[in-house]
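A.B. asks: Got a structure here, written out as structure tokens. Questions coming.
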Amino acid sequence: MDISTGEPVQAVASGQAGMMPERSAPALADDAPAVSAPNDRASAMKAPKPSKDLTGFFAIGFLINVVAIAAFLYWAAGQWRRRR
């Protein structure tokens with residue numbers, strides 16, 4: 001706003017007067033559609049919380065690692081014997 005006249009002032013870069021496209025006013029919060037709160041039925045139908053017990057997960061991972069290391073040692077021993 002121009003302090004002396006109270007009129008809006010448009011910023012113009014040098015040599016580009018009239019090159020700026022007109023912009024529409026941004027949408028206000030009042031124009032946005034209302035969001036409804038969840039009802040009691042939706043809040044009652046929550047998914048069950050997952051189990052925190054990861055023992056089976058780590059046991060399977062441990063077995064996979066043991067099998068991989070055993071396979072590597074078997075392969076390495078075969079390679080070592082072949083070179084001798």
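Just so it is clear, none of the values below were taken in a lab; they were calculated from the coordinates. Keep in mind the model is a prediction, meaning the values are calculated, not measured. Virtual Cβ from ideal backbone geometry, glycine too; neighbours counted across all protein chains shown.
A.B. asks: So, in nm, how far is label VAL67 from label ARG84 when the simple model puts each one 7 Å beyond its Cα toward the Cβ?
C.D. replies: The modelled label-to-label distance comes out at 2.9 nm.
A.B. asks: Could you sort the peptides 60-70, 46-56, 74-84 by per-residue average Cβ neighbour count (10 Å cutoff), highest mean leading?
C.D. replies: Order by mean packing, descending: 60-70, 74-84, 46-56.
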